[in-house]
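What follows is calculated from the coordinates using simple rules that are stated; it is not laboratory data. What you see is a predicted model; the values in this text were computed from it and never measured. Here the Cβ is made from the backbone with ideal geometry for all residues, glycine too, and neighbour counts use every protein chain on show.
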């Protein structure tokens, strides 16, 4: 079984990005575990999108720029997905509280 280091980097940086996002946007934070899980998902998605875009632009995704794309795409993807999940959670919580008043 071959280990895809790019994917590992994307997922790890996504987890870090999710927790950075939780620290930056405290009102959207899902807690450490939630931020990490959302970040991992976002890191994988963001990293794959970044790799596809770089590949379409003719960038050698196996080289240094590809690894930079893994780092940036994973980290930013982690922050974005954590923020989206946090927004949805807050909206659902607000609607639930309003329906009980």
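Scanning region 4-18 for residues that are part of a helix (DSSP H, G or I) and surrounded by fewer than 16 Cβ atoms within 10 Å (Cβ to Cβ) returns 5, 8.
Residue-wise test of (1) touching a residue at least 12 places away in the same chain (Cβ under 8 Å); (2) out of contact with any strand residue (DSSP E or B) (no Cβ under 8 Å at 6 or more places or on another chain); (3) part of a loop (DSSP other than H, G, I, E, B).
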{"site": "52", "(1), (2), (3)": "no, yes, no"}
{"site": "58", "(1), (2), (3)": "no, yes, yes"}
{"site": "61", "(1), (2), (3)": "yes, yes, yes"}
{"site": "66", "(1), (2), (3)": "yes, yes, no"}
{"site": "75", "(1), (2), (3)": "yes, yes, no"}
{"site": "85", "(1), (2), (3)": "yes, yes, no"}
{"site": "88", "(1), (2), (3)": "no, yes, no"}
{"site": "93", "(1), (2), (3)": "no, yes, no"}
{"site": "98", "(1), (2), (3)": "no, yes, no"}
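Note on region 19-33: residues that are farther than 12 Å from residue 83 by Cβ and buried (at least 17 other Cβ atoms within 10 Å of the Cβ) total 1.
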